[in-house]
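The values are calculated or read from the model by the stated rules, or taken from the named source; none is laboratory data. Model, not experiment: these values are computed from the prediction. Because the Cβ atoms are built from the backbone with ideal geometry, glycine has one as well, and the counts that use them run over all protein chains shown.
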């Protein structure tokens, strides 16, 4: 989850009240934020990846007000006199614009706004590959705004924070942002830019803005842009940014900008309306185990700024509600139910469920959990340290890193590139954990026990879940023999037979890899990771990894 740092003074200024440390911890928990520390003037917290509206002090203050009993006045959206025009840029086709006027900024406020811009681009925008965001002092710009392709060698500008004028192509190698993000456009014949009507470059998209229109504490009127590969996400990004900036405007007026495309498309941002969802009180009560009335439900939803109930049938308990425009995480009634649950209090859920039937049997540990516990104790006794990685992973980690060609279940619209789908094996995650620590240790033994989900057409659900063990051995003389010895030791402690046959696994040396067999069944593999992969990860010593299906051993060897 993204780690956000905000100024306590700025937060209190926006709220209009002083905050105790207890207030901060208590209220942020209601926003699914985990406070890391409150020290001097800095509040550090983790926000969930699906709530980019909480990545700034402005969005945080807005979300906290109902929980502190403070009033919040909604902003107004009007049509702007600023207009935009866009060419057909295949590699990055979409742009959206918005304007916020009469903002009150300080040097700290500018820093907070820049932090929000960068956090959204890094997380929601996938390191600017999907979305990038720009903010400009509108008083230094001459509308209309043009999104176009230009000659990278003949077009000159002064990049943000630089002292010299340079060409767009030079900016890719002479600026820090160019070195980081230049790869996104360097192969294009012409580079995408935002220009004003005077022909001045506002931004080399998606790399770096121009210095002449930078935001300062004296800026009053702000132009916001987002460019990217998804129209919905571009409009979402502008909406989040604009609705955060308007918290610093006394007039609380947003200006929507129309962008006309050469293709005939017309895009208007920010979004005027949030998602409309039909919500059933009975469905929510059944899901949560509560007995909430319609009025109680409305009151709880107001804690999260669901102020618009578009339709209400008190006799059936059916509501149609509108989510706030900046809540990009709200997709279905279940998301609304989650907000209700948090507002009601997780600690109270179940206390009113006396009508639930008591269980007729006592609980017991599941065989796979019991077997995992025993295996874990053995691995620790063999000198291994346990790690725990996420079940959600990426195509790069699960497939591309090791050169695997397997199938993988992917999320239709992931909010983070790190969590594109469900992992199909443990080995890559364990290897990346080593890569993060290899510069600190010359000798490591790591293991992980966890679930993987494998596409399986023979299954009714087209999926097969397996509990697996993966072990990693890292030192300057590690060989396949180390892996074989440790696998034998594990199987001996489990009182199982084991043998090895020659095998091949993506990402492993073909002559230094073996299939692990037990109970006349292939249950895993062990081998030396290919040096090419180790080199790409900056790992200097040899690595041996074994991965074993505990589910298969339970089924084939122990009959569970």
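Give the residue, chosen from 521, 460, 466, that is within 32 Å of the chain's Cα centre (by Cα) and in contact (Cβ under 8 Å) with a residue 12 or more places away in the chain.
That would be 466, the only listed residue that is within 32 Å of the chain's Cα centre (by Cα) and in contact (Cβ under 8 Å) with a residue 12 or more places away in the chain.
Among 68, 15, 31, 54, which is closer than 20 Å to residue 250 by Cβ and in contact with a helix residue (DSSP H, G or I) (Cβ under 7 Å, 6 or more places away or on another chain)? Talk me through it step by step, then tell me what you get.
Numbers: 68 fails: closer than 20 Å to residue 250 by Cβ; 31 fails: closer than 20 Å to residue 250 by Cβ; 54 fails: closer than 20 Å to residue 250 by Cβ.
Of 68, 15, 31, 54, the one residue that is closer than 20 Å to residue 250 by Cβ and in contact with a helix residue (DSSP H, G or I) (Cβ under 7 Å, 6 or more places away or on another chain) is 15.
Table: residues versus (1) in the same structural domain as residue 85 (by TED's automatic domain parsing); (2) within 28 Å of residue 97 (Cβ to Cβ).
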residue	(1), (2)
248	yes, yes
252	yes, yes
262	yes, yes
280	no, no
291	no, no
307	no, yes
316	no, no
323	no, yes
328	no, yes
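For residues that are part of a helix (DSSP H, G or I) and in contact (Cβ under 8 Å) with a residue 24 or more places away in the chain, tally how many sit in segment 537-556. Outline the logic, then answer.
First, pick out the residues of segment 537-556 that are part of a helix (DSSP H, G or I): 550-556.
Remaining after also requiring in contact (Cβ under 8 Å) with a residue 24 or more places away in the chain: 550-554, 556.
Here the count works out to 6.
When the residues of segment 409-431 are narrowed to those that are in contact with a helix residue (DSSP H, G or I) (Cβ under 6 Å, 6 or more places away or on another chain) and not in a helix (DSSP H, G or I), which ends up surrounded by the fewest Cβ atoms within 10 Å (Cβ to Cβ)? Please lay out each step first, then the result.
Pass one, segment 409-431, residues in contact with a helix residue (DSSP H, G or I) (Cβ under 6 Å, 6 or more places away or on another chain): 420, 423-424, 428.
So of that shortlist, the ones also not in a helix (DSSP H, G or I) come out as 420, 423-424.
On the way: 420: 18, 423: 24, 424: 20.
Only one residue tops the list, namely 420.
In segment 290-334, what residues are in contact (Cβ under 8 Å) with a residue 24 or more places away in the chain, surrounded by 14 or more Cβ atoms within 10 Å (Cβ to Cβ), more than 26 Å from residue 77 (Cα to Cα) and more than 30 Å from the chain's Cα centre (by Cα)?
The answer is 290, 292, 294, 317, 318.
Could you figure out which of (1) surrounded by fewer than 18 Cβ atoms within 10 Å (Cβ to Cβ); (2) closer than 25 Å to residue 7 by Cβ isn't true of residue 186?
The number of the failed condition is (2).
Each row is one residue, and each column tells you yes or no for (1) within 21 Å of residue 347 (Cβ to Cβ); (2) outside any helix (DSSP H, G or I).
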| site | (1), (2) |
| --- | --- |
| 279 | no, yes |
| 292 | yes, yes |
| 300 | yes, no |
| 326 | no, yes |
| 329 | no, yes |
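Exactly one condition in (1) out of contact with any strand residue (DSSP E or B) (no Cβ under 8 Å at 6 or more places or on another chain); (2) surrounded by 14 or more Cβ atoms within 10 Å (Cβ to Cβ); (3) under 23 Å from residue 206 (Cβ atoms) is not met by residue 27; state its number.
(3)
Run residue 232 past the list (1) touching a residue at least 24 places away in the same chain (Cβ under 8 Å); (2) within 29 Å of the chain's Cα centre (by Cα) and report the number of the one that doesn't hold.
Just one mismatch for residue 232, condition (1).
Limited to segment 32-49, what total is found for residues that are under 16 Å from the mean Cα position of the chain (by Cα) and surrounded by 19 or more Cβ atoms within 10 Å (Cβ to Cβ)? Step through it out loud before you land on a result.
At the first step, the residues of segment 32-49 found to be under 16 Å from the mean Cα position of the chain (by Cα) are 32-34, 45-49.
Pick out the ones that are also surrounded by 19 or more Cβ atoms within 10 Å (Cβ to Cβ) and you get 33, 45, 47.
Within segment 32-49, residues that are under 16 Å from the mean Cα position of the chain (by Cα) and surrounded by 19 or more Cβ atoms within 10 Å (Cβ to Cβ) number 3.
Please verify whether residue 390 is outside any strand (DSSP E or B) and at pLDDT below 90, treating the condition exactly as stated.
Numbers: outside any strand (DSSP E or B): yes; at pLDDT below 90: no.
Answer is no for this residue.
Inspect segment 204-226 for any residue being assigned to a helix (DSSP H, G or I), surrounded by 20 or more Cβ atoms within 10 Å (Cβ to Cβ), under 27 Å from the mean Cα position of the chain (by Cα) and not assigned by TED's automatic domain parsing to the domain that holds residue 53 and give the result as yes or no. Step through it out loud before you land on a result.
Taking segment 204-226 first, the residues assigned to a helix (DSSP H, G or I) are 211-213.
Those left that are additionally surrounded by 20 or more Cβ atoms within 10 Å (Cβ to Cβ): 213.
Add one more test, that the residue is under 27 Å from the mean Cα position of the chain (by Cα), and what stays is none.
There is no residue in segment 204-226 that is assigned to a helix (DSSP H, G or I), surrounded by 20 or more Cβ atoms within 10 Å (Cβ to Cβ), under 27 Å from the mean Cα position of the chain (by Cα) and not assigned by TED's automatic domain parsing to the domain that holds residue 53.
Are there strands (runs of 3 or more DSSP E) fully within segment 474-535 with at least 2 residues that are farther than 19 Å from residue 550 by Cβ and out of contact with any strand residue (DSSP E or B) (no Cβ under 8 Å at 6 or more places or on another chain)? List them.
508-518
Is one or more of the residues making up segment 255-270 farther than 29 Å from residue 230 by Cβ and either part of a strand (DSSP E or B) or at pLDDT 90 or above (or both)?
As a first pass, look at segment 255-270 and keep what is farther than 29 Å from residue 230 by Cβ: none.
No, segment 255-270 has no match at all.
When segment 76-109 is examined, which residues are found to be surrounded by fewer than 18 Cβ atoms within 10 Å (Cβ to Cβ) and in contact with a helix residue (DSSP H, G or I) (Cβ under 6 Å, 6 or more places away or on another chain)?
104, 108, listed by residue number.
Please give the number of the condition residue 266 fails out of (1) exposed (fewer than 14 other Cβ atoms within 10 Å of the Cβ); (2) in contact with a helix residue (DSSP H, G or I) (Cβ under 9 Å, 6 or more places away or on another chain).
Tallying (1) exposed (fewer than 14 other Cβ atoms within 10 Å of the Cβ); (2) in contact with a helix residue (DSSP H, G or I) (Cβ under 9 Å, 6 or more places away or on another chain), residue 266 fails exactly one: (2).
Every residue in segment 302-319 that is at pLDDT below 90 and not in a loop (DSSP other than H, G, I, E, B), please.
Of everything in segment 302-319, those that are at pLDDT below 90 and not in a loop (DSSP other than H, G, I, E, B) turn out to be 308, 309, 310, 311, 312, 313, 318, 319.
Please determine, by comparing only the residues of segment 171-188 that are closer than 18 Å to residue 229 by Cα, in a loop (DSSP other than H, G, I, E, B) and touching a residue at least 12 places away in the same chain (Cβ under 8 Å), which one is nearest to the chain's Cα centre (by Cα).
Let us first name the residues in segment 171-188 that are closer than 18 Å to residue 229 by Cα, namely 181-188.
Still in the running and in a loop (DSSP other than H, G, I, E, B): 185-188.
Add one more test, that the residue is touching a residue at least 12 places away in the same chain (Cβ under 8 Å), and what stays is 185-186, 188.
Numbers: 185: 23, 186: 26, 188: 28 Å.
This residue is 185.
For segment 23-58, which residues satisfy the criterion of being part of a helix (DSSP H, G or I) and farther than 26 Å from residue 340 by Cβ? Before you say what the answer is, go through the steps one by one.
Quick first cut of segment 23-58, residues part of a helix (DSSP H, G or I) only: 23-30, 52-54, 57-58.
Result: 57, single match.
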